[in-house]
Amino acid sequence: MAKKKIVVLTGAGVSAESGVSTFRDSDGLWENHRVEDVATLEGWYRDRKMVLDFYNERRAQLPQVKPNAAHIAIASLEKDYDVQVITQNVDNLHERAGSTRIIHLHGELTKARPENCYNEMDGFSEESVLDIGYESIHIGDLATNGSQLRPHIVWFGEAVPNIGKAIDAVEQADILLIVGTSLQVYPAAGLYAYAKASIPIYIIDPKDVPVRDTRLMHIRDVATRGMQTFIETISKQ
Ligand code: APR
């Protein structure tokens, strides 16, 4: 029998217990920076060095943080289910926990791309994206097209090139699991609306969630414990 398809949409809360800060639990500041300064194209053009330093620091911290039990539980679902992870996170903790099918909606810290291959219609070309691991990007580091390298991060106001793939995955899901996202940022926040009418939707979050849907089961807990509850619940079905 074909395995059931589980789509897991994750946000900053899944990495919180690994010690990575969430965005909206800290007064609109991200690691003490205003989002407008470090997560917009305007901020980049205003002060490229500051933006590069900010992401260089986040990237350098990555090897020191480890996947937690929630990332590992999500990866372990692959034993019994056909699993697609869709994450808004730019860390690599799902990869390091062993998940094999991951769509990064908002980019990846371990990648860079030229600043001038971006356009409003297509976002950026996939071929121009470079794997840089945990290395820093400096002013003067150029891509083969001669333009400055920038972090491979989707900033506010930019296109979300992977949203089409994410919608396709949610449309196919037999179970949708949402973990640790405030569902404040679109288009990611609207993804659950693409789920088939008949499927169960689980949300793991210790706080209230902004979703009113009869299919919804809210597991009001942190991601590590919430994943245990989720696995116990679906294994009885
Ligand atoms: N376990 C599960 N959920 C948690 C935990 C935890 N241990 N700790 C906090 N949370 C929940 C919070 O209650 C909140 O609902 O995680 C959510 C985090 O929400 P945000 O900080 O808004 O993060 P996220 O939803 O991922 O943000 C979306 O916004 O700034 C942009 O591009 C950035 O990808 C990011 C996007």
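The values are calculated or read from the model by the stated rules, or taken from the named source; none is laboratory data. Quantities reported herein were computed from a predicted structural model and do not represent experimental measurements. Cβ coordinates were reconstructed from backbone atoms using ideal geometry, including for glycine residues, and neighbour counts include every protein chain displayed. These accessible areas exclude ligands, DNA and RNA; they are computed on the full protein's heavy atoms, side chains included. Shrake-Rupley method; radii C 1.70, N 1.55, O 1.52, S 1.80 Å.
Entry remark, segment 67-118: residues being without any contact (Cβ under 8 Å) to a residue 40 or more places away in the chain, in contact with a strand residue (DSSP E or B) (Cβ under 7 Å, 6 or more places away or on another chain) and small (Gly, Ala, Ser) number 1 in total.
Scanning segment 78-108 for residues that are in contact with a Phe, Trp or Tyr (Cβ under 9 Å, 6 or more places away or on another chain) and hydrophobic (A, V, I, L, M, F, W, C) yields a single hit, 90. The set of residues in segment 82-109 being more than 16 Å from the ligand (Cβ to nearest atom) and assigned to a strand (DSSP E or B) consists of 82, 83, 84.
State the number of residues belonging to segment 75-87 that are touching a Gly at 6+ places or on another chain (Cβ under 9 Å) and surrounded by fewer than 23 Cβ atoms within 10 Å (Cβ to Cβ).
Selection size over segment 75-87: 3.
With respect to the conditions (1) open to solvent by 50 Å² or more (accessible area, probe 1.4 Å); (2) within 15 Å of the ligand (Cβ to nearest atom), residue 180 falls short on a single one, namely (1). Would you call residue 219 crowded, with 20+ Cβ neighbours inside 10 Å and more than 16 Å from the ligand (Cβ to nearest atom)? Considered against the rule, which asks whether it is crowded, with 20+ Cβ neighbours inside 10 Å and more than 16 Å from the ligand (Cβ to nearest atom), residue 219 comes out as no.
Kindly indicate which of 166, 193 is open to solvent by 10 Å² or more (accessible area, probe 1.4 Å) and among the hydrophobic types (A, V, I, L, M, F, W, C). Before you say what the answer is, go through the steps one by one.
On the way: 166 fails: open to solvent by 10 Å² or more (accessible area, probe 1.4 Å).
Result of the check over 166, 193: 193.
Of all the numbered requirements in (1) in contact (Cβ under 8 Å) with a residue 12 or more places away in the chain; (2) over 11 Å from residue 176 (Cα atoms); (3) charged (D, E, K, R), residue 215 misses one, and that requirement is (2). Among the residues of segment 2-61, the ones that are within 12 Å of the ligand (Cβ to nearest atom), open to solvent by less than 80 Å² (accessible area, probe 1.4 Å), in a strand (DSSP E or B) and not polar (S, T, N, Q) come to 4 in all. Screening the candidates 174, 208, 213 for the property of being more than 18 Å from the chain's Cα centre (by Cα), open to solvent by 30 Å² or more (accessible area, probe 1.4 Å) and within 13 Å of the ligand (Cβ to nearest atom) yields one hit, 208. Of all the residues in segment 159-199, those that are in contact with a strand residue (DSSP E or B) (Cβ under 7 Å, 6 or more places away or on another chain) and farther than 30 Å from residue 224 by Cβ number 2.
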